[in-house]
Amino acid sequence: MHRRQLQTGKPLPPAQKLQQGRAVLAARHGHRDALARCEQLIQPVGPGDAFQEIKGQAVRILPAGFVPHMLASPPVIGRARYNKMAHGRRQIGAKSGCPPPAPVLYLVHRQTAAKEQCPMLITNGTLITMDPGRPLIADGALRIAGDRITDIGNSAELAARYPHDEALDAGGMLVLPGFICVHTHFYGALSRGIPPRGIEPPADLRARLENLWWRLDKALRPEDIRSSVEVCLVDAIRHGTTTLIDHHASPRCIDGILDLIAEITSQAGVRACLCYEVSDRDGPEAAAAGIRENARFIRRCQTNPSPLLAGLMGLHASFTLSDKTLQEAVETARGLGAGCHIHAAEGKVDVSETLRRTGKRVLERLQAAGVLGPKTIAAHCVHIDDFEVDILRETHTMVA
């Protein structure tokens, strides 16, 4: 996870987009009394698609088509969302005697109707700015106008400077930028709780891939993918993650699948960088289709740019990619000015198979093929040596 630096004039990272709504903060609150006040203010009224004015606060009731079970959670209140997950059996410090965690307000993207674009002032919080010159501002305040942070400083000073702004009291809370998840698999949500039936528990990466992941991705249909993305986004938003880089695989539904995922992430308002996992494990036709899908989606992002979407050329791993497929994928990505997203040396099988077939270590092969560079993400990089660390440094390749 990385965090965005919080500076005056920088766009807010996006999070839950409630269409025409007013959500600015995803709040993870650690106190029962505040949650109780929240639930007394507003109770969810069931599926709908309209605003309700309750005690002066504009509330968005989520449409039934988007994660309906979220309606059972504490609703959006003005510009704050309270997370009930902090109050369950897994509450930090419940049995250990440790103090409860500090409540957190995650700065997310502001979505306002034109008539509601009034500045907002967040006061009395501890600002974590990610600025080395001024990392913390105690009793801090932050002003938002439109989708920009326009001022930060002491609460009393900003309150006096902007007396007519709408105010949100963040007393006792931390105010910080949203998290970034740089490698995830949305469809992995469907694997939770699946036991290894009839087989021994997987002992290594190859066994996990063959007995779980590759069986699961072959079974995926669009409706399964939609559900898995929605579940992951609920978790992400509730915990302040506003940008996600996903690596998708569904060999029986490849064409257009990244558009489906993009539709859901854009509806939720998070930033997403998407790719399809190219591999020879399902045959040359699936590999070619994966390259085409990546290229099509990257072109879409370039032709119709959105601040919420980007694309990469997805590659599974060195040991499941032939030289021909790897070359075609790299040439396609290079022609589009795009980077790659690949699992690198996640397990020993990737190292041993790459050495056996090519005589090179994983990152050595990827460098020779033109995969690596400042636009590429190499995920895991567990089983690499010092020589490969130097390759990553010299090529400025990002590691997830």
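Quick note: the coordinates plus some simple rules give every number you see, no bench work behind them. What you are looking at is a predicted structure, and each value in this text was computed from that prediction instead of being measured. When we count neighbours, we look across all protein chains shown, and the Cβ atoms used for this are built from the backbone with ideal geometry, even at glycine.
In terms of its C-alpha gyration tensor, segment 277-400 has an oblate overall shape, because the principal axis ratio a/c (a ≥ b ≥ c, square roots of the eigenvalues) is not below 1.5 and a/b does not outweigh b/c. Rounded to whole numbers, the Karplus 3J(HN,Hα) couplings from phi for segment 390-400 are 4, 4, 4, 5, 5, 8, 6, 6, 7, 10, 10 Hz, using 6.51 cos²θ - 1.76 cosθ + 1.60 with θ = phi - 60°, and x at Gly and Pro.
Values of log10 I(q)/I(0) for segment 251-318 across q = 0.18, 0.20, 0.22 Å⁻¹ run -0.63, -0.75, -0.88, by the Debye formula with one identical scatterer at each alpha carbon and no solvent. Bridgeable aspartates and glutamates around Lys218 (alpha carbons under 20 Å apart, same-chain partners fewer than 8 residues away excluded): Glu210, Glu230, Asp246, Asp255, Asp259, Glu277, Asp280, Asp282, Glu285, Glu293.
The phi-based Karplus calculation (6.51 cos²θ - 1.76 cosθ + 1.60; θ = phi - 60°) puts the 3J(HN,Hα) values of segment 348-355 at 5, 4, 5, 5, 5, 5, 5, 4 Hz, whole numbers, x for Gly and Pro.
Of the chymotrypsin sites (Phe, Trp or Tyr not before Pro) in segment 262-363, not one is in a loop by DSSP (not H, G, I, E or B) with at most 11 other beta carbons within 10 Å.
Taking amide H positions as modeled 1.01 Å from N, with prolines and chain starts lacking one, the residues under 5 Å from Thr150 and 5 or more places away or on another chain are Gly9, Arg143, Ile144, Ala145.
For a quick check of your reading of the filter: which trypsin sites (Lys or Arg not before Pro) in segment 207-257 sit in a DSSP loop and have no more than 12 other Cβ atoms within 10 Å?
Numbers: sites: Arg208, Arg215, Lys218, Arg226, Arg238, Arg252; in loops: Arg252.
Here the sparse-neighbourhood loop sites are Arg252.
Could you grab the Rg to Rh ratio for segment 180-399? Cα atoms only, Kirkwood for Rh.
Numbers: Rg = 16.7 Å, Rh = 17.6 Å.
Dividing the radius of gyration by the Kirkwood radius yields 0.95.
Backbone phi angles across segment 141-151, fed through the Karplus curve with coefficients 6.51, -1.76 and 1.60 (θ = phi - 60°), yield HN-Hα couplings of 9, 9, 10, 10, 10, x, 10, 10, 7, 9, 6 Hz in residue order; Gly and Pro are listed as x. Taking amide H as placed 1.01 Å from N in the peptide plane, Met173 has its amide H under 5 Å from the amide H of Thr126, each at least 5 places away in sequence or on another chain. Scanning residues 5 or more positions from His183 or on other chains, those with amide H under 5 Å from its amide H are Ile245, with H placed 1.01 Å from N in the peptide plane.
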